[in-house]
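Novice: Handing you this structure, nothing more for now.
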2 protein chains.
Amino acid sequence: MTPTITAFAHSPDGGRGLARDMRVRWALEEAGQPYSVRYLSFADLKEPGYYAQHPFGQIPSYEEGDLVLFESGAIVLHIAQQHAQLLPEDPNARARGIAWMFAALNSIEPPIWEWTMATVLESDQSWYEQRQHILQERVRARLEQFSRRLGQADWIEDQFSVSDLLVITVLRILKESTLLAEYPNLSAYVARGEARPAFKRAFAAQFAAFTGQVPAD
Amino acid sequence: MTPTITAFAHSPDGGRGLARDMRVRWALEEAGQPYSVRYLSFADLKEPGYYAQHPFGQIPSYEEGDLVLFESGAIVLHIAQQHAQLLPEDPNARARGIAWMFAALNSIEPPIWEWTMATVLESDQSWYEQRQHILQERVRARLEQFSRRLGQADWIEDQFSVSDLLVITVLRILKESTLLAEYPNLSAYVARGEARPAFKRAFAAQFAAFTGQVPAD
């Protein structure tokens with residue numbers, strides 16, 4: 001059954017693949033699973049019908065027959081549980097892989113997201129420069145820890161998994177800042193993810209949507 | 001095999017059960033699974049040996065034979081996968097339950113955590129009052145959405161699950177503010193969780209640790 005995901009009709013990221021549908025598209029491409037996309041305006045997100053599908057009125061949601069899911073992390077985990085190769089089969093390695101999925105979204109993303117949102121929402125505030133410094137230091141603290149853990153390895157565990165997929169989509173938020181470049185092993189790790197054919201297909205699909213070449217469902 | 005978790009030797013929350021070991025203790029109590037606790041000082045968290053166990057130097061970690069896990073959400077999910085009753089058995093309901101686990105930690109906790117941290121870390125800054133207002137409005141936006149979704153139901157789905165466990169531990173961060181009380185159905189939901197015998201046992205255990213009556217391992 002072909003799943004349907006939701007995505008922004010006009011993504012605020014300018015087609016850079018930073019919206020959270022990118023995570024789900026990439027996982028589906030790694031799985032070789034075709035999918036449809038329902039594109040939503042910001043007004044659509046606030047419709048009661050969509051709240052029934054996504055209680056926080058965000059993208060992406062995921063529909064597959066009777067199943068409706070929200071939260072990009074949960075959707076990616078669901079996809080990984082339906083398709084081999086996206087998480088290790090050994091139970092302990094699989095549990096560790098899931099721990100890294102939570103880590104991507106709960107330990108690595110929050111300081112990055114907080115900093116990014118401040119650059120957008122607080123740029124006209126008197127405290128902007130002072131808070132930017134504080135927030136960047138928090139981002140660096142997390143990057144330093146993850147950089148040390150990754151070392152010179154290609155991926156978090158022996159094989160690429162959805163743990164890497166989520167961490168890389170989170171680190172990509174920093175691509176246009178100088179922060180990521182301070183950690184050459186992390187820059188290389190992100191580039192390694194972006195070089196995967198599945199990433200490229202997912203990126204092209206969301207970019208086509210942004211440029212208005214939305215494929216018909 | 002009795003798992004061992006780590007917790008703060010001196011919790012900064014004053015024994016209110018807001019540190020993240022509480023989530024894991026509660027899940028283990030719901031599962032009827034005995035456990036040991038290794039108490040760590042803040043200095044212990046920064047030891048290289050502990051970084052090998054927890055890449056971000058935080059509590060809790062979880063050891064069970066060869067398996068070492070970190071991230072409270074991932075640990076709670078692992079416990080739920082080992083014990084019946086903590087997540088629905090029906091695959092679709094189970095996937096939705098996991099989506100709510102991610103939602104607790106990625107959609108509900110971030111604005112609450114950002115606000116709480118600001119009350120602690122920014123109280124002497126010139127921008128304190130102005131940002132408090134902004135942050136409280138973000139918290140309200142999420143509480144409003146979750147309040148609407150929960151309605152007058154006892155739990156998110158028909159039965160209590162670890163989805164409720166994580167959401168309630170996140171909402172408890174707000175207990176001593178007036179924000180939670182603005183949503184009577186959410187206050188009642190938190191109280192319903194706190195009334196569960198497993199919650200009470202977990203709370204008592206972390207409180208005993210805080211008061212110095214640490215049980216010997």
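Novice: For B:L186, which of the numbered conditions (1) out of contact with any Gly (no Cβ under 6 Å at 6 or more places or on another chain); (2) of a type in the set (A, V, I, L, M, F, W, C); (3) over 24 Å from B:I98 (Cβ atoms) fails to hold?
Specialist: Just one mismatch for B:L186, condition (3).
Novice: Quick one: B:A205 ticks every box in (1) assigned by TED's automatic domain parsing to the domain that holds B:S36; (2) of a type in the set (G, A, S); (3) over 18 Å from the mean Cα position of the chain (by Cα) except a single one, so which number is it?
Specialist: The failed condition is (3).
Novice: Condition check: surrounded by 16 or more Cβ atoms within 10 Å (Cβ to Cβ) and either free of Cβ contacts under 8 Å to residues at least 60 places away in the same chain or over 18 Å from A:A208 (Cβ atoms) (or both). Does A:Y39 satisfy that? Quick ask: steps written out before the conclusion?
Specialist: Working: surrounded by 16 or more Cβ atoms within 10 Å (Cβ to Cβ): yes; either free of Cβ contacts under 8 Å to residues at least 60 places away in the same chain or over 18 Å from A:A208 (Cβ atoms) (or both): no.
Against the criterion (surrounded by 16 or more Cβ atoms within 10 Å (Cβ to Cβ) and either free of Cβ contacts under 8 Å to residues at least 60 places away in the same chain or over 18 Å from A:A208 (Cβ atoms) (or both)), A:Y39 does not qualify.
Novice: Let me ask something additional. Are there any pairs, at least 6 apart or on different chains, whose C-beta atoms fall under 8 Å, with the first in the range A:194-209 and more than 19 Å from A:F160 (Cβ to Cβ) and the second assigned to a helix (DSSP H, G or I), and if so, which?
Specialist: Qualifying pairs under 8 Å: A:A205/A:R25; A:Q206/A:D21; A:Q206/A:M22; A:Q206/A:R25.
Novice: Taking A:L69 as meeting all but one of (1) without any contact (Cβ under 8 Å) to a residue 12 or more places away in the chain; (2) crowded, with 18+ Cβ neighbours inside 10 Å; (3) more than 18 Å from the chain's Cα centre (by Cα), write down the number of the exception.
Specialist: Looking at each condition in turn, A:L69 falls short on (3).
Novice: Mind listing just one residue for me: the one in the range A:11-21 that is under 11 Å from A:A209 (Cβ atoms) and within 8 Å of the chain's Cα centre (by Cα) and, of those, surrounded by the fewest Cβ atoms within 10 Å (Cβ to Cβ)? If you could, list the steps in order and put the result at the bottom.
Specialist: Initial filter on the range A:11-21 (under 11 Å from A:A209 (Cβ atoms)): A:11, A:15, A:17, A:19, A:21.
From the residues that got through so far, the ones that are within 8 Å of the chain's Cα centre (by Cα) too are A:19, A:21.
Values: A:A19: 22, A:D21: 25.
Step by step, filter the range A:11-21, then rank; the result is A:A19.
Novice: What number of residues within the range B:1-17 satisfy the criterion of being over 12 Å from B:P60 (Cα atoms) and of a type in the set (A, V, I, L, M)?
Specialist: 1
Novice: Restricting to the range B:119-157, name every residue that is over 17 Å from A:A118 (Cβ atoms), charged (D, E, K, R) and in contact (Cβ under 8 Å) with a residue 12 or more places away in the chain.
Specialist: Selection gives B:R140, B:R142, B:E144, B:D154, B:E157.
Novice: Okay, moving on. Go through the range A:123-144 and give me each residue that's buried (at least 17 other Cβ atoms within 10 Å of the Cβ) and at the interface with chain B (Cβ under 8 Å from one of its Cβ atoms).
Specialist: Within the range A:123-144, A:W127, A:R131, A:R142 qualify.
Novice: Residues that are at pLDDT below 95: which helices (runs of 4 or more DSSP H) entirely in the range A:137-217 hold 2 or more of them?
Specialist: A:197-210
Novice: Given the criterion surrounded by fewer than 17 Cβ atoms within 10 Å (Cβ to Cβ) and within 30 Å of B:E144 (Cα to Cα), identify the matching residue among A:E47, A:E89. Give the derivation first.
Specialist: Working: A:E89 fails: within 30 Å of B:E144 (Cα to Cα).
Answer to the check: A:E47.
Novice: Here is a follow-up. If a residue must be under 18 Å from A:P110 (Cα atoms) and not in a loop (DSSP other than H, G, I, E, B), how many such residues does the range B:113-131 contain?
Specialist: Matching residues across the range B:113-131 total 10.
Novice: Considering the range B:36-92 alone, what residues qualify as being in a strand (DSSP E or B), more than 10 Å from every other protein chain (Cβ to nearest Cβ) and of a type outside the set (D, E, K, R)?
Specialist: Residues satisfying the conditions are B:S36, B:V37, B:Y39, B:L40.
Novice: Limited to the range B:97-111, what total is found for residues that are under 16 Å from A:I112 (Cα atoms) and either more than 8 Å from chain A (Cβ to nearest Cβ) or within 13 Å of the chain's Cα centre (by Cα) (or both)? I'd like the intermediate steps shown before the answer.
Specialist: First, the residues of the range B:97-111 that are under 16 Å from A:I112 (Cα atoms): B:105-107, B:109-111.
Next, from what is left, pick out any that are either more than 8 Å from chain A (Cβ to nearest Cβ) or within 13 Å of the chain's Cα centre (by Cα) (or both): B:105-106, B:109-111.
So the answer is 5.
Novice: Quick check, is B:S147 surrounded by 13 or more Cβ atoms within 10 Å (Cβ to Cβ), of a type in the set (S, T, N, Q), within 12 Å of another protein chain (Cβ to nearest Cβ) and over 14 Å from B:S177 (Cβ atoms)?
Specialist: Yes, satisfied.
The values are calculated or read from the model by the stated rules, or taken from the named source; none is laboratory data. The model shown is predicted, which means the values in this text are computed figures rather than measured ones. Methodologically, a virtual Cβ is constructed for each residue, glycine included, from the backbone with ideal geometry; neighbour enumeration extends over all protein chains shown.
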